[in-house]
Amino acid sequence: MNKSKARSKLAPFKILSTTAILGYGFPESSFQRGLRKKPDLIAVDGGSTDPGPYYLGAGKSFTSRAAVKRDLRLMIKAGLEHNIPVVVGTAGGSGARPHLEWCLEIVREIAREENLHFKLGIAYADVEKEMVLEAFKQKRVKPLAFVPELTPEVVFESENLVAQMGIEPFIKLLNQGCQVVIAGRSYDPAVFAALPISLGYDPGLALHLGKILECAAIAATPGSGSDCALGILEEDSFILETLSPERKFTPQSAAAHTLYEKSDPYELPGPGGLINLRGCSFEDIGQGRVRVRGSRFIPSENYWVKIEGVRMIGFRSISIAGVRDPIMIEKIDKILKEVELKVREIMGKDGKNGQIYFHVYGKNGVMGELEPVKRTLSHELGLVIETIGKTQEEADSLLALTRSALLHYGYEGRIATAGNLAFPFSPSDISMGKVYEFSVYHLMQVDRPDFFLSRVEEL
């Protein structure tokens, strides 16, 4: 396995995090600086739910194949040359079987092209619907905040059900001598924390370090999602270090990223327990480095994993347009409501079918009704017309009618007799395909944390 396993005491354990998400890229110069530090582990988080439910449902990656292959080629070649384990979690962006297989094919392709031979560890995150339904019956499923209670109907309708694996599947594969581990949906810090925890390092510190390293240099200042970072785990603390001369870690940047995507500043939950930060400190130790102490892992009474799944709700079409008439801008909310009513009237009995959304950029396109600035001062607006139907044809038809109705709508005070909209593209209407929504976003109690299917492949 790793050369660190033979240590009689806990010497500093170095983790090279290459980039915020596999495929986001990293400067080769930063990577080489990291290798010169002689890391004990090269790891990267491969995905996120941030890009939305589409990618999980469609089984597609939100990063490009060429970019993922470039990153993996550098990581795997360096790992094998220097005898450093390479670990990837949430492969393919969403971590279901289609995403994992997509990433594995890239790994195999690299091995053939570079004539590389190694043990490849594979961990699947997929969960059977029967398993979720059984847990539901036993009241071992609960929703996350602002998520509806799960129902059997929702489980049956959902696609690509996955569970966030913790450190256990990674430890199992690394203990089997795997030099490269590619896993499905994973708890983000697990890919960084599994190996050092298995070697006896403090789990609270290891998981907290992993929480920061999962986004690599985003946690530095200035932050970057496409640069490397180094974490040095010691017995009673860990150190954060950048690998680009233009960046540095500060106590503020490290603390801020600790709270990134978290609603509680003191407790960070994950599989099997939580990281308690009440006694945590962030110390500037010079040269752009920060030392962190006091993170503690508190095991939970039962082992819970987050489960994710999506269901298809229809097909989407969009049209992008600009508005420059100050009279129309002043009355935009009223006009859009009137146009939708007109479209529904024209459609007659079919008027209730499909959904129409107007996204008004320059007014409240980002925050919608939560936008605190109510008065629109923009001299122009960007408008995205979105329709969703049961079929692509239905969405396309609804969009075409809505777009033409708005284009020529005679609103009060209108002076121009030509169209109301400026279209930057021709054709103006774009068929977007299937639309998904997160249908399963819950916690499930499991009997064993190592229930995930895994295997070893010799390349």
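Values quoted throughout were computed directly from the atomic coordinates according to the rules given, and no laboratory measurement underlies them. Every value quoted in this text rests on a predicted model; they were computed, and no experiment measured them. A quick note on method: Cβ atoms are made from the backbone with ideal geometry, for glycine too, and the neighbour counts reach across all protein chains shown.
If the cut-off is a Cα-Cα distance under 18 Å, which lysines reach K390, setting aside same-chain residues fewer than 8 apart in sequence?
Within reach: K349, K352, K434.
If the limit is 26 Å between Cα atoms, which of K262/K306; K60/K172; K139/K172 go over it?
K60/K172; K139/K172
Which length gain, in nm to one decimal place, applies between A11 and S426 when the Cα-Cα distance is subtracted from 0.36 nm times their residue separation?
Extending this stretch completely gives an extra 143.2 nm.
Estimate the FRET efficiency between R448 and L341 by the formula 1/(1 + (r/R0)^6), using the beta-carbon distance for r and 60 Å for R0, to the nearest 0.05.
Efficiency for this residue pair is about 0.60.
Taking the Cα-to-Cβ direction at L144 and at E246 and moving 7 Å from each Cα, how far apart do the two end points lie in nm?
3.3
Size of the dipole of the chain about the Cα centre, Lys and Arg at +1 and Asp and Glu at -1 on the beta carbon, nothing else charged, in debye to 20?
Dipole size: approximately 760 debye.
Using Cα centres only, tell me the gap between the range 405-459 and the range 107-137 in whole Å.
28
Would you mind checking which residues have amide H under 5 Å from L22's amide H? H placed 1.01 Å from N; only 5 or more apart, or other chain.
Those lying under 5 Å, H to H, from L22 are D45, G46, G47.
Okay, helix-only estimate at 222 nm for the chain: each DSSP H run of n ≥ 4 adds -39500 (n - 2.57), divide by all residues, round to 500 deg cm²/dmol; what do you get?
-9000 deg cm²/dmol
Which residues does a label at E457 reach in the range 42-66, if reach means a backbone N under 18 Å from a point 7 Å past the Cα toward the Cβ?
46, 60-61, 65-66
Taking amide H positions as placed 1.01 Å from N in the peptide plane, with prolines and chain starts having none, which residues 5 or more places from F118, or on another chain, fall under 5 Å of its amide H?
Those lying under 5 Å, H to H, from F118 are L459.
Among residues other than L381 whose Cβ falls under 9 Å from its Cβ, what is the net charge (Lys/Arg +1, Asp/Glu -1)?
Summing Lys and Arg as +1 and Asp and Glu as -1 gives +1.
When the label point is put 7 Å from the Cα of R293 along its Cα-to-beta-carbon vector, which residues of the range 189-218 have a backbone N closer than 17 Å?
Backbone N within reach: 202, 204-206, 209.
PRE reach from H117 (point 7 Å along Cα→Cβ): which of the range 72-88 fall under 19 Å by backbone N?
76-84
Restrict the search to the range 376-411; then list the GluC sites (Glu not before Pro) that DSSP places in a loop and that have at most 15 other Cβ atoms within 10 Å of their Cβ.
E380
Can you tell me the length gained on complete extension of the stretch E283 to Q32, counting 0.36 nm per residue apart and subtracting the Cα distance?
87.7 nm
Just grab the label-to-label distance for A66 and S263, each label 7 Å out from Cα along the Cβ direction, in nm (one decimal).
Roughly 4.1 nm, to one decimal.
State the dimensionless ratio Rg/Rh of the chain (Rg: radius of gyration of Cα atoms; Rh: Kirkwood radius).
Reported Rg/Rh (Cα atoms, Kirkwood Rh): 1.04.
Using r as the Cβ-Cβ distance of K334 and E157, and R0 as 35 Å, what FRET efficiency do you calculate, to the nearest 0.05?
Efficiency for this residue pair is about 0.40.
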